[in-house]
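Visitor: Before I ask anything, here is the structure I am working with.
The values are calculated or read from the model by the stated rules, or taken from the named source; none is laboratory data. Given the structure is predicted, the values throughout are model-derived calculations rather than measurements. Here Cβ is always computed from backbone atoms with ideal geometry, including for glycine, and neighbour counts include all displayed protein chains.
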Amino acid sequence: MMKTKIVLAVLAAFFSINASAQSQQVNIEKTTVKWTGTKVIGSAHDGFIKLKEGHLDVKKGDIKGGKFVMDMNSMTNTDLDSEEYKQKLVVHLKSDDFFGVATYPTAILEIKEASAFINNKASVKGHLTVKGQTKAIVFDVEKRDKAYVASIVVDRTLYGIRYGSGSFFDDLGDKAISNDFTLDVKLVLE
């Protein structure tokens, strides 16, 4: 009986603390998500992915949670000059070799917890879902005016994206692609 009361008291405290967190919608037009992927030899490709929807839960200025849905069909390339090569790259990234966008049109980042901001910086823990696979992820976020800025490094092989990975294929030479890609996020709230 005593254990039940303690559990109920802890649950009540947890929900009352989180209940006072304010959910703020993301301004999808002003928010940017820039992706960067590199070859092992150092050359890189980059572009943008739009958010489909999202919200950030904030209490007393600190992040308490949030959910962000990325529209993988919106993926673009910005580093190539040729429209033909841009299209080829984006089509390949959307294929099953990479993100399988026909089957998995969205990727989702859910924030589960975050440290308090110190000097406008906090550490965030969450779950990232890519290609239907969800993995824990940790990254730092910086508060700049009304925006939250983060550089999130993602190991694509954890999500079954092995194309061109030297960890899984031999003799790739200068065609080997780094396992990590980066999402540089500038999150702007309404």
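Visitor: Might you check whether a residue that is part of a strand (DSSP E or B), over 17 Å from Arg156 (Cα atoms) and at pLDDT 95 or above occurs anywhere in region 72-88?
Guide: Scanning region 72-88, I find no residue that is part of a strand (DSSP E or B), over 17 Å from Arg156 (Cα atoms) and at pLDDT 95 or above, so the answer is no.
Visitor: Looking at Lys30 and the list (1) under 17 Å from the mean Cα position of the chain (by Cα); (2) in contact (Cβ under 8 Å) with a residue 24 or more places away in the chain; (3) closer than 19 Å to Arg156 by Cα, which single condition is not satisfied?
Guide: Answer for Lys30: the failing condition is (3).
Here is a yes/no grid of residues against (1) at pLDDT 95 or above; (2) under 20 Å from Lys146 (Cα atoms); (3) of a type outside the set (A, V, I, L, M):
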{"position": "Val7", "(1), (2), (3)": "no, no, no"}
{"position": "Val10", "(1), (2), (3)": "no, no, no"}
{"position": "Ser16", "(1), (2), (3)": "no, no, yes"}
{"position": "Gln22", "(1), (2), (3)": "no, yes, yes"}
{"position": "Trp35", "(1), (2), (3)": "yes, no, yes"}
{"position": "Lys50", "(1), (2), (3)": "yes, yes, yes"}
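Visitor: Filter region 53-84 for residues that are of a type in the set (D, E, K, R), surrounded by 15 or more Cβ atoms within 10 Å (Cβ to Cβ) and under 22 Å from Glu142 (Cα atoms) and give the result.
Guide: Asp57, Lys64, Lys67
Visitor: Mind listing just one residue for me: the one in region 40-52 that is out of contact with any Ser or Thr (no Cβ under 7 Å at 6 or more places or on another chain) and not small (Gly, Ala, Ser) and, of those, surrounded by the most Cβ atoms within 10 Å (Cβ to Cβ)?
Guide: If we take residues in region 40-52 being out of contact with any Ser or Thr (no Cβ under 7 Å at 6 or more places or on another chain) and not small (Gly, Ala, Ser), then His45 is surrounded by the most Cβ atoms within 10 Å (Cβ to Cβ).
Visitor: Looking at region 109-121, which of its residues are closer than 30 Å to His92 by Cβ and surrounded by 17 or more Cβ atoms within 10 Å (Cβ to Cβ)?
Guide: Leu109, the sole residue that qualifies.
Visitor: Something else now. Tally time: how many residues in region 102-116 are closer than 19 Å to Tyr159 by Cβ, of a type in the set (A, V, I, L, M) and assigned to a loop (DSSP other than H, G, I, E, B)?
Guide: Number of matching residues: 1.
Visitor: Return yes when Phe99 is in a loop (DSSP other than H, G, I, E, B) and either crowded, with 18+ Cβ neighbours inside 10 Å or of a type in the set (Gly, Ala, Ser) (or both) and no when it is not.
Guide: For Phe99, the condition - in a loop (DSSP other than H, G, I, E, B) and either crowded, with 18+ Cβ neighbours inside 10 Å or of a type in the set (Gly, Ala, Ser) (or both) - is met.
Visitor: Examine region 170-185 for a residue that is in contact with a strand residue (DSSP E or B) (Cβ under 9 Å, 6 or more places away or on another chain), outside any loop (DSSP other than H, G, I, E, B), farther than 22 Å from Gly37 by Cβ and modelled with pLDDT of 90 or more, and state whether such a residue exists.
Guide: no
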